[in-house]
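The values are calculated or read from the model by the stated rules, or taken from the named source; none is laboratory data. Predicted model, so just to flag it, every value in this text is computed and none were measured. Please note: Cβ atoms are built from the backbone with ideal geometry, for glycine as well, and neighbour counts cover all protein chains shown. For accessibility, only protein heavy atoms count, side chains too; no ligands or nucleic acids. Shrake-Rupley method; radii C 1.70, N 1.55, O 1.52, S 1.80 Å.
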Amino acid sequence: MSYDNNNIFAKILRGEVPCDKIYEDEYVLSFYDVNPQKKIHALVIPKGKYTNLDDFNENASEKEILGFFRGVTLVAKKLGISINNGNGYRTLSNIGSDGGQEVPHLHFHIFGGEKIGKMVKND
Ligand code: 5GP
C-alpha cells in the first residue's frame, strides 16, 4: 500500500490542518484525538511517511524507530500517566482493514487518566 500524502495526519504534519499539540521533536508529533474514547486519548505519529506499523518496522531507520518508541514514553510522562509519574495507560495501533485502521499514517493511540477496561470489547 503506497503512502497517501492527502491523509489527515499528513495534513496535520504539514500544518495544513490544526491539532491540539502535546509534544513534538525530530521524530514524532503527538496531539489529542479529536474524538476521545477515554478521559485522556492522545495520538503519537512518526514524522516519516509510513502507512502502518508493519511498513514502519520494515522500512524506517533505526533512529526513526527508536525516536518513535521513545516518543510514546515521553508523551505518557508529559501527560502524567506513565508508570514513573502516574497510574499507567494503554497503547494501541490499528493495522489495516481487519485491525480497524482509518487513517493510513502510522499512529499509536494512548489511552489513560482512568481505568481503561477490557482489552478488546466487541461492538
Ligand atoms: P484509527 O482508527 O485509524 O486507528 O484511528 C484514527 C483516529 O484519528 C481516530 O481515533 C480519530 O478520532 C482520529 N482523527 C481522525 N481525524 C482527526 C483529526 O483531524 N484530528 C485529530 N486530532 N484526530 C483525528
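For this structure, a couple of remarks:
- Subset of the stretch 26-49 (residues that are β-branched (Val, Ile, Thr), in contact (Cβ under 8 Å) with a residue 60 or more places away in the chain and farther than 18 Å from Tyr3 by Cα): Ile40
- Looking across the stretch 22-56, the residues that are touching a helix residue (DSSP H, G or I) at 6+ places or on another chain (Cβ under 9 Å), in a strand (DSSP E or B) and within 11 Å of the ligand (Cβ to nearest atom) come down to Ile22, Leu29, Ser30, Phe31, Ala42, Leu43, Ile45.
- Counting the residues of the stretch 63-91 that are open to solvent by 60 Å² or more (accessible area, probe 1.4 Å), within 16 Å of the ligand (Cβ to nearest atom) and not hydroxyl-bearing (Ser, Thr, Tyr) gives 0.
- Taking every residue in the stretch 76-104 that is touching a residue at least 40 places away in the same chain (Cβ under 8 Å) and pairing it with any residue that is more than 8 Å from the ligand (Cβ to nearest atom) and among the acidic types (Asp, Glu), at least 6 positions away or on another chain, the pairs with Cβ-Cβ distances below 6 Å are Pro104/Asp4.
- From the list Ser97, Ser2, the one residue that fits, being exposed (fewer than 12 other Cβ atoms within 10 Å of the Cβ) and more than 16 Å from the ligand (Cβ to nearest atom), is Ser2.
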